[in-house]
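K.L.:
Please see the structure below; I have some questions.
Since every read-out is calculated from the coordinates, none of them should be taken as a lab result. Since we're looking at a predicted model, the values are computed, not measured. Please note: Cβ atoms are built from the backbone with ideal geometry, for glycine as well, and neighbour counts cover all protein chains shown.
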Amino acid sequence: KTLASTRAFHSFLDKTAMVCTSSGPAQPPADPFGTAKRDSADSNLLTVRQTFSDRACADRIVTAVAFQPGSSEFVAVAYGPLPGHTHGTGEGIIHVWSTRAPELPAFTVECEGDVTALAFAAKDSQLIFGGTQQGRVMLWDLRVGADPVAQSFPVAEGHQAPIFAVIASAPSGTGAAAAGGADVLTVSGEGRVCQWHQGLSMPAHSSLLSSADHGMPTAASSPEEDRRSVFMGTADGALLAVTIAADQLDAKTLEGGHQAAITSVDCHPPTANRNLSGLVLTASLDWGCRLWWAPALGSWRSLEVRGADAMYDARWCPANPAVFACGDGSGRVYVYNAGHSVDAPAHSVQVSKS
């Protein structure tokens, strides 16, 4: 009876149940164009497939989301402080949910302060990197427990502002981060880019983007095939193509930017179709989402799609290289197929109330 009441015993039961659930038959993969359950109001659209929630995350805002690479089962979600706590003073939590058993989180880890960015490690799917509101970098091992196994400390070469991008090194071992032996790249609001080894004691590389010619960065992404390149969106709506050099950042402003702050940047995942490689998506508070590409010769070009409110996120589909989705402040998600047309979304659905 004493054993059954301990926290360790309940943790053992939860993990054992998760292993048993994961060993069962897999759910059929989601079909984004029509074979799943349909919504009566939007007859061509998917409904929300699953909702992940429990008492621990009730009334908390979601501050970051990361999917496990190479798998559609696990997703890590960071939550802000409870109501009544100001940001940066409460305890943040991260739930790792499984699509096989959405009733309870598969794992839970904790952090002192708000987690603002997340990424699963490319080389070990049990490791999760996180960036915080205080500019610290964290590493959790799901096999160990709730506390971080490594974390950065305030140093002059580290971040002095909230971290908004955590990018794990490419699993193929390409790019500057992997070539230098670093495991993760982080970008923060003061324009600093750092590369870290797994121990997180000191940055392996640290460079500061000059703000004299550019607005302050607000979002960033790096193509998996070249971690020496980082695309940054800024508060004034510009998209910067940044190259990580030995001791500095070389930045170029791409023509045809947004009219307001950029809220997200997403580089196209690797694909065998060379016509689709090198594409970049941006979302902005100007109600637009832009698709950027660079011809073989010439300057970067872009085209824009519009939402019904400020755009807060835009992401490429991991299964279909021509499909991307963006979401606006009204709670509507738009799905485009660039292989057919970007004049109008192929599908859209209202997933939540504004």
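K.L.:
What FRET efficiency comes out for the pair Glu91/Asp343, r = Cβ-Cβ distance, R0 = 30 Å, nearest 0.05?
P.N.:
The formula returns an efficiency of 0.05 here.
K.L.:
Apply 1/(1 + (r/R0)^6) to the Cβ-Cβ distance of Asp59 and Phe153, taking R0 = 30 Å, and write down the FRET efficiency to the nearest 0.05.
P.N.:
About 0.45, to the nearest 0.05.
K.L.:
Treat each spin label as a single point 7 Å out from the Cα along the C-beta direction, and report the Thr99 to Met216 distance in nm.
P.N.:
3.7
K.L.:
So, one more: Taking the Cα centre of region 198-346 as origin and charging only Cβ (+1 Lys, Arg; -1 Asp, Glu), how large is the dipole, in debye to the nearest 20?
P.N.:
280
K.L.:
Further, regarding this structure: Once both labels are modelled 7 Å past Cα along the beta-carbon direction, what's the Ala294-Glu112 spacing in nm?
P.N.:
4.3
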